[in-house]
């Protein structure tokens, strides 16, 4: 519930902020009587011409508003995500401890802020990588020698590499938060500890990523299949009911995804909190002597016979 609270709060804030920004941007666009006449003509060509005239010269304002909104939402996500991650990981560590210490060292909140700042930077780098992939793919198709198929293939391959690099880096950064809360490490010390955990217990880490990834994929496939039911009644039921059904399915899927994410965090906390020891069944445990044992069965109680002289 804590994970759902902070994630959905930020999601609602994002949606409201975007709607408000679009509304304010649209209210700054002047519309003349001629443009309004073209908009009401119901002719696609005339409508597109009117929209192009309305939006002409307003791109700098849109870009400026987008930059300000992106910076504000990024800062909000960094702070809110750090608070939520600190609270959740603290509870997870206490759940795996038999006797939680009341005098736990102070949390390095600045380290969590640093990790989330790096995650935001990694996402920005991935977006820049997608733009670069688009530009590189465009070089494969020119006006003299058009090849849209090759350009599209190059674009998707480069996007695949960018997504793989971003997901790997994001995995390490999210895992490093466990060491910040549980072991009180700094930002880069936590990153080094996360890399060491992946190296020393690679099998367990791979199992966590695989099984929770499969569960997430199954939940996504089920959600995309269920959402087809309200869409099938789009021509029969009112639009509000259909939209409500889609939103309900989406909320259920997001709740399952948050549950799986917390489960993955709990598994990582278990790896950090519970050391990798030799199982007790494989270690030698000496048994105390019983009344049924005779002296010759208990080594060390009967002295060895003296050699004959």
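Going by what's in this entry, would residue 93 be described as in contact with a helix residue (DSSP H, G or I) (Cβ under 8 Å, 6 or more places away or on another chain), closer than 20 Å to residue 6 by Cα and loosely packed, with under 15 Cβ neighbours inside 10 Å? So residue 93 does not fit the description; no. Under the condition of being surrounded by 15 or more Cβ atoms within 10 Å (Cβ to Cβ) and either without any contact (Cβ under 8 Å) to a residue 24 or more places away in the chain or under 23 Å from residue 267 (Cβ atoms) (or both), the residues counted in the range 140-182 number 20.
Here 132, 121 are screened, and the one residue that is outside the structural domain of residue 258 (by TED's automatic domain parsing) and in contact (Cβ under 8 Å) with a residue 12 or more places away in the chain is 132.
Checked against the criterion of being within 30 Å of residue 92 (Cα to Cα) and either within 41 Å of the chain's Cα centre (by Cα) or not assigned by TED's automatic domain parsing to the domain that holds residue 77 (or both), the candidates 51, 4 yield just one match: 4. Right, residue 53: more than 30 Å from residue 115 (Cβ to Cβ), without any contact (Cβ under 8 Å) to a residue 12 or more places away in the chain and surrounded by 12 or more Cβ atoms within 10 Å (Cβ to Cβ) or not? The answer is no for residue 53.
The values are calculated or read from the model by the stated rules, or taken from the named source; none is laboratory data. Please read these numbers as outputs of a predicted model, since none were measured by experiment. Please note: Cβ atoms are built from the backbone with ideal geometry, for glycine as well, and neighbour counts cover all protein chains shown.
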